[in-house]
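Here the structure is laid out as structure tokens; the discussion comes afterwards.
The values are calculated or read from the model by the stated rules, or taken from the named source; none is laboratory data. In this text the structure is predicted, and so the values were computed from the model without any measurement. Neighbour counts run over all protein chains shown; Cβ positions are idealised from the backbone, glycine included.
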């Protein structure tokens, strides 16, 4: 056996050895990313803030969808089967589609009670918690028995969401707890800073009367000092009748309402009619990250909505406040 043959074999063996080491290390590196599935884009955005480079995040719903109604596609089940963690809004917001997806995934780790299951509503102060027998509440429309679930539309409650997500990530990867903690603190500091800016911009319009199409906005209303006098829907999830719209028009006229707000996934036909009859400005606000192309993060969501509202109020000259002074 000549020396060149032995040398070639040695070189080949060394190459294979280094390739094996490379692929082993690569697998370890890639394995560090936790696969997280969220119900909504807002939860995905916050998860990316807290998880940083250590998470790979997928949102089932997209930002321009009504979160009450999402098709439970088989492809989502496949995502959930491979997920390390699942984050939901809770409070029955996703009751029409999340339970069947989780059951279909047969992934015990992300089912309620599993180490990878996160209910983002835990510890969140809730508004509009209905009183009475939960079994009869559905007769009043799309009523959520545990409270209004649109709490992510208050940025300070977003800090609680981030805390819940942090705890889930740290539970799964305790060795990365310090990095998650650092990311969490950075996110919460930025929320405080931006909320102060947003409130300052909204301050001239404190107490403004508005009308909303659907009851998605109590947390936003509370944080930024607005007053929703009525809804275009007679009951949550129930389309308005012509007779009811007459009542809405009268309410707007008697309360000096400059703005009507609506989410992108609702029909604007009734709201446009009311706006035309009253002179109010119809403003389409985003309820989730990704509702419009420029809203790429949780911070963008509030930037966008504050921009839209302040522009509409300014155009109307702060009608409610002006009338009361």
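Remarks
- For residue 253, the test of being in contact with a strand residue (DSSP E or B) (Cβ under 7 Å, 6 or more places away or on another chain) and more than 24 Å from residue 155 (Cβ to Cβ) is failed.
- Failed item in (1) over 29 Å from the mean Cα position of the chain (by Cα); (2) under 22 Å from residue 40 (Cβ atoms), with residue 297 passing the rest: (1)
- Against the list (1) touching a helix residue (DSSP H, G or I) at 6+ places or on another chain (Cβ under 9 Å); (2) without any contact (Cβ under 8 Å) to a residue 40 or more places away in the chain; (3) more than 23 Å from residue 166 (Cα to Cα), the condition residue 101 fails is (2).
- Residues of the stretch 239-255 satisfying the condition of being within 19 Å of residue 217 (Cβ to Cβ), surrounded by fewer than 18 Cβ atoms within 10 Å (Cβ to Cβ) and in contact with a helix residue (DSSP H, G or I) (Cβ under 9 Å, 6 or more places away or on another chain): 239, 255
- The set of residues in the stretch 151-185 being out of contact with any helix residue (DSSP H, G or I) (no Cβ under 6 Å at 6 or more places or on another chain), farther than 21 Å from residue 219 by Cβ and touching a residue at least 40 places away in the same chain (Cβ under 8 Å) consists of 167, 168, 171, 172, 173, 179.
- Checked against the criterion of being within 24 Å of residue 158 (Cα to Cα), surrounded by 15 or more Cβ atoms within 10 Å (Cβ to Cβ) and not assigned by TED's automatic domain parsing to the domain that holds residue 68, the stretch 272-284 contains one or more residues that satisfy it.
- Among (1) closer than 20 Å to residue 302 by Cβ; (2) surrounded by 14 or more Cβ atoms within 10 Å (Cβ to Cβ); (3) in contact with a helix residue (DSSP H, G or I) (Cβ under 7 Å, 6 or more places away or on another chain) - the single one residue 210 does not satisfy: (3)
- Subset of the stretch 110-126 [more than 23 Å from residue 45 (Cβ to Cβ) and surrounded by 15 or more Cβ atoms within 10 Å (Cβ to Cβ)]: 111
- Odd one out for residue 293, checked against (1) touching a residue at least 24 places away in the same chain (Cβ under 8 Å); (2) farther than 11 Å from residue 213 by Cα: (1)
- Yes/no for residue 87 being surrounded by 21 or more Cβ atoms within 10 Å (Cβ to Cβ), within 16 Å of the chain's Cα centre (by Cα) and assigned to a helix (DSSP H, G or I): no
- Considering residues of the stretch 245-269 that are within 23 Å of residue 66 (Cα to Cα) and in a helix (DSSP H, G or I) only, the residue nearest to the chain's Cα centre (by Cα): 269
- Of all residues in the stretch 47-83, those satisfying the criterion of being in contact with a helix residue (DSSP H, G or I) (Cβ under 6 Å, 6 or more places away or on another chain), in a loop (DSSP other than H, G, I, E, B) and under 22 Å from residue 103 (Cβ atoms) are 60, 72, 83.
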